[in-house]
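Below: one structure, written as structure tokens.
We did not get these values from a lab; they are worked out from the coordinates using the rules stated. Worth saying up front: this structure is predicted, and the values here are computed from it rather than measured. When we count neighbours, we look across all protein chains shown, and the Cβ atoms used for this are built from the backbone with ideal geometry, even at glycine.
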Amino acid sequence: MPVWLRGILFVLTVVAVWSGVHVYLYSKFAVIFQPDKAVKRWAIFALVFLAASYFLARGVDSFFGRDVALPLHWIGAVWLGYVGVAFSVFFLYDILLNLPLWIAAKVGSGPVWAVKAKYWGIRAAMLAGILVTVFGLVRNFSGPVIKTYEIALDKLPKSLDGFVLVQGSDIHLGGLVGDWYVSRIERAFEKADGDLVVLTGDLSDEHNGGDGALLGRLGKLRSKKPILAVAGNHERYSGGEPLVQKIKDSGIDVLRQTHRIIDDGLVIAGIDDSVFMPNGLGDVPAAIDESLKGAPAELPVILLSHRPSLMEHAAKAGVDLMLTGHTHGGQTPPFGILNRFAFPVIKGFANYDQMKLYVTTGTAWWGAPVRVFNSPEIVRFVLRSSL
Ligand SMILES: [Fe+2]
């Protein structure tokens, strides 16, 4: 299928799903408020505006700049989060209360309290949707949290025992991720005090990196050695090669199917996200092999890859620790469930033969700034030698 046709189908699917979710939510609100014709017209107008605001904000951003788009961005992003949470809560309400009552009514006359229960159920779901969204906003903006794990690497020389590698990921600079949140990220990296910082993709959503000011700040994060990074899918969507060049200009060493040797004792390899590959996902195994070409076999290997895929191949190729991101740990409901269909692991550790995989929830967010079941994070890996 040609790329342009795939693009059109994707946009149509998003519009259809997004509209369907709004019709579903409106049908619930209408049961409670029972609006007359005039109110109905205004309610529909408001819903259309809210539904479109996130996408409008992105358009305004590219024509008039980030500052002009910011108020619309806030409205759109918070609404995005509320819709995700409210849809999930109403879906649970339908499955747990509405469906059993509907079946009871079909089988017999149904319990006498059924109508009241339905009304109160919708009210409770509406309230829960608001409370959970507020909780998710607070949790998100309290980030990034710092997590620390000890990782034993069989081949790590004694001289590197205690080496601290700090991973950040999915920062998505631009939109709501501006100066104030970058300051939070800087403080977190100061605290983490890593020997080496690695960034596993989706660093910027600014077209071609914007004026480079935010990226420049990422290039100066606290790291005793030059920061290493890989390109994610958003690097491709937000400009591709010129954006990757801007990241390099900010002082970050972007690993593109290659590796670096740290202190003669540790190999860090990195690959582009599959959207950079000429044939899509099919070329990624070859990219892993290419990145390891010439790496000393006696040293431990850490592979940076934006998304958690092809772990079996990485393990077979001799990788000891694979660091990824992309999933945001599901970020906003219901994506915690939907993501599990696309990726075998959406957060935390998993083992593949001798290789350990870590999937970070990401350091900032994309779209809705609402996190319910996890926080934005940076991760300190304290490497231990078992030699
Ligand atoms: Fe991504």
Base-10 log of normalised Debye intensity for region 3-140 (one unit scatterer per alpha-carbon) at q = 0.09, 0.13, 0.22 Å⁻¹: -0.37, -0.72, -1.36
Neighbour net charge for Gly76 - beta-carbon separation under 13 angstrom, K R +1, D E -1: 0
Debye intensity ratio I(q)/I(0), log10, the chain, q values 0.10 Å⁻¹ (C-alpha model): -0.71
DSSP-defined antiparallel bridges as percent of all bridges, the chain, nearest 5: 35 percent
Contact order relative to length of the chain, as percent, for alpha carbon pairs under 8 angstrom and 6 or more apart: 20 percent
Listed residues Val112, Val164, Val345, most fluctuating in the chain (Gaussian network, C-alpha, under 10 Å): Val112
Net lengthening on full extension, Val14/His207 (0.36 nm per residue, minus Cα-Cα): 67.3 nm
Karplus-derived HN-Hα couplings along region 229-234 (A = 6.51, B = -1.76, C = 1.60, θ = phi - 60°), whole Hz, x at Gly and Pro: 8, 10, 8, x, 5, 6
Region 165-174 - phi-based ³J(HN,Hα) in whole Hz, Karplus 6.51/-1.76/1.60, Gly and Pro as x: 9, 10, 9, x, 6, 6, 7, 6, 3, x
In sequence order, calculated HN-Hα J values of region 327-332 (Karplus, 6.51, -1.76, 1.60; Hz; x Gly/Pro): 6, 6, x, x, 6, 10
Nonlocal amide H pairs with Lys356, under 5 Å, H built at 1.01 Å: Leu321, Met322
Counted charge near Pro334, where neighbours are those whose Cβ lies closer than 15 Å (Asp, Glu -1; Lys, Arg +1): +1
Region 176-299, relative contact order [Cα under 8 Å, separation at least 6], %: 21 percent
Amide proton proximity set for Ile151, modelled H, under 5 Å, gap of 5+: Val382, Leu383, Arg384
Mean Kyte hydropathy of 0.5 or more with a Cα span along the axis of at least 30 Å, helices from DSSP in the chain: 3-33, 37-64, 66-93, 114-141
For the chain, calculated [θ]222 nm from helices alone, where every DSSP H run of n ≥ 4 adds -39500 (n - 2.57): -15500 deg cm²/dmol
Most fluctuating residue given options Pro344, Pro334, Pro300, as computed from a GNM of the chain linking Cα atoms under 10 Å: Pro344
Listed residues Ile32, Ile103, Ile261, most fluctuating in the chain (Gaussian network, C-alpha, under 10 Å): Ile103
